[in-house]
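Trainee: Dropping the structure in here first, questions after.
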Amino acid sequence: MICLITPTGDRPDAFALCQQYMLAQDYSGDVRWIIVDDGVTATPVTFEREGWEVDVLRLEPMPRSQARNLLVGMGHVAPGGRVAIIEDDDAYAPEYLSHISDWLDSADLVGERFTRYYNVRTGRGQQMKNRDHASLCATAMKGEATEDFCQLLVKLSSALDMTLWRDFKGSKYLSDTFYVTGIKGMPGRKGVGVGHREEFGLPMSLRHWIGERAALYGY
């Protein structure tokens, strides 16, 4: 089984797309999807799929709540279990879960490097230069990596991905694939990452990166 953890809150449009992305996954194993929602208004969750268990955890809103929400979600995962962080506003190719399942067969911390971010409001995108770590939206883990991640969530509220990948001493694997594209600028509660800034990136077509799925964003 793979456990997915998705922190969300007051981003109903983004989460509706996230449900579509998860419904399209070609992974055939069992999945438990833990959705941690700290929005002022409860996020509509309509997801149903055979072999998938969905748990929605409602928390009180608080500023910069990502680490708190992830820690609560991790508390519902069996010690050392397989975990993938699925962010509510990012685009996931149908093959993503199948590939991270394969990667986790040989490493405890896995993900994609050279993250691509695109802001659908400004129409600007950029491929990052993160050679030695994966962004949290494209990170999965098991075993000792899940234990280290929980300890990290107690201590830090930012730079979670870079710190986890830098400090974890166990087996790691970074892929040069692009099954995940970070999407910024969706309606609802604003994120804090660099991709949300007006001056981020260069004008480009989202279709160049995610093909026909760009139509989900009006392209």
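Trainee: Need the failing condition index for Asp148 against (1) open to solvent by 40 Å² or more (accessible area, probe 1.4 Å); (2) in contact with a His (Cβ under 8 Å, 6 or more places away or on another chain), just the number.
Mentor: (2)
Trainee: Right, next: Enumerate the pairs (first residue in segment 192-219 and touching a residue at least 24 places away in the same chain (Cβ under 8 Å); second residue anywhere and acidic (Asp, Glu) and open to solvent by less than 60 Å² (accessible area, probe 1.4 Å)) with beta-carbon separation below 7 Å, excluding pairs fewer than 6 apart on the same chain, so at least 6 apart or on different chains.
Mentor: From residues that are touching a residue at least 24 places away in the same chain (Cβ under 8 Å), there are no pairs.
Trainee: Any idea which residue in segment 165-191 is nearest to Val40 (Cα to Cα), counting only those that are in contact (Cβ under 8 Å) with a residue 12 or more places away in the chain, touching a His at 6+ places or on another chain (Cβ under 8 Å) and not in a strand (DSSP E or B)?
Mentor: Here the residue is Gly185.
Trainee: Pull out all pairs, ordered by first then second residue, where Cβ-Cβ is under 9 Å, the residues are six or more apart or on different chains, the first lies in segment 28-42 and is under 14 Å from Ile85 (Cα atoms) and at pLDDT below 95, and the second is in a strand (DSSP E or B) and open to solvent by less than 50 Å² (accessible area, probe 1.4 Å).
Mentor: Close Cβ pairs satisfying both conditions: none exist.
Trainee: Tell me whether segment 167-174 contains one or more residues that are aromatic (Phe, Trp, Tyr), in contact with a strand residue (DSSP E or B) (Cβ under 8 Å, 6 or more places away or on another chain) and open to solvent by 50 Å² or more (accessible area, probe 1.4 Å).
Mentor: yes
Trainee: Report whether or not Asp161 is assigned to a helix (DSSP H, G or I) and in contact with a Ser or Thr (Cβ under 6 Å, 6 or more places away or on another chain).
Mentor: yes
Trainee: Would you point out which residue out of Ser157, Ser171 is among the polar types (S, T, N, Q) and modelled with pLDDT under 95?
Mentor: Result of the check over Ser157, Ser171: Ser157.
Yes or no, residue by residue, for (1) acidic (Asp, Glu); (2) closer than 23 Å to Glu95 by Cα; (3) touching a strand residue (DSSP E or B) at 6+ places or on another chain (Cβ under 9 Å):
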{"site": "Gln126", "(1), (2), (3)": "no, yes, yes"}
{"site": "Cys137", "(1), (2), (3)": "no, yes, yes"}
{"site": "Ala140", "(1), (2), (3)": "no, yes, yes"}
{"site": "Asp148", "(1), (2), (3)": "yes, no, yes"}
{"site": "Gln151", "(1), (2), (3)": "no, no, no"}
{"site": "Val154", "(1), (2), (3)": "no, no, no"}
{"site": "Ser157", "(1), (2), (3)": "no, no, no"}
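So that you can scan it fast, the table gives a plain yes or no per residue for (1) over 23 Å from Ile183 (Cβ atoms); (2) of a type in the set (Ser, Thr, Tyr); (3) at pLDDT 95 or above:
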| site | (1), (2), (3) |
| --- | --- |
| Asp102 | yes, no, yes |
| Ala107 | yes, no, yes |
| Gly111 | no, no, yes |
| Thr115 | no, yes, yes |
| Tyr118 | no, yes, yes |
| Arg124 | no, no, yes |
| Lys142 | yes, no, yes |
| Ala145 | yes, no, yes |
| Phe149 | yes, no, yes |
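Trainee: Still on this structure, please answer the following. For segment 118-141, enumerate the residues that are crowded, with 24+ Cβ neighbours inside 10 Å and more than 18 Å from Thr6 (Cβ to Cβ).
Mentor: Tyr118, Gly125
Trainee: Still on this structure, please answer the following. Would you be able to say whether some residue in segment 79-87 is in a loop (DSSP other than H, G, I, E, B), modelled with pLDDT of 95 or more and surrounded by fewer than 17 Cβ atoms within 10 Å (Cβ to Cβ)?
Mentor: yes
Trainee: May I pose another question? Inspect segment 37-53 for any residue being in contact with a Ser or Thr (Cβ under 7 Å, 6 or more places away or on another chain) and outside any loop (DSSP other than H, G, I, E, B) and give the result as yes or no.
Mentor: The answer is yes, given that some residue of segment 37-53 is in contact with a Ser or Thr (Cβ under 7 Å, 6 or more places away or on another chain) and outside any loop (DSSP other than H, G, I, E, B).
Trainee: Moving on to the next point. Got a sec? Which of Ser98, Ser65 is among the hydroxyl-bearing types (Ser, Thr, Tyr), touching an Asp or Glu at 6+ places or on another chain (Cβ under 8 Å) and at pLDDT below 95?
Mentor: On inspection, the qualifying residue turns out to be Ser65.
Trainee: OK, next. Considering only residues that are hydroxyl-bearing (Ser, Thr, Tyr), open to solvent by less than 30 Å² (accessible area, probe 1.4 Å) and more than 12 Å from Pro7 (Cβ to Cβ), which ones fall in segment 18-70?
Mentor: Passing the criteria: only Tyr21.
The values are calculated or read from the model by the stated rules, or taken from the named source; none is laboratory data. Here the structure is a predicted model, which is why all the values come from computation and not from measurement. Reconstructed Cβ throughout: ideal geometry from the backbone, glycine too, with neighbour counts over all protein chains shown. Heads up: the accessible areas ignore ligands, DNA and RNA and are worked out on the full protein's heavy atoms, side chains in. Shrake-Rupley method; radii C 1.70, N 1.55, O 1.52, S 1.80 Å.
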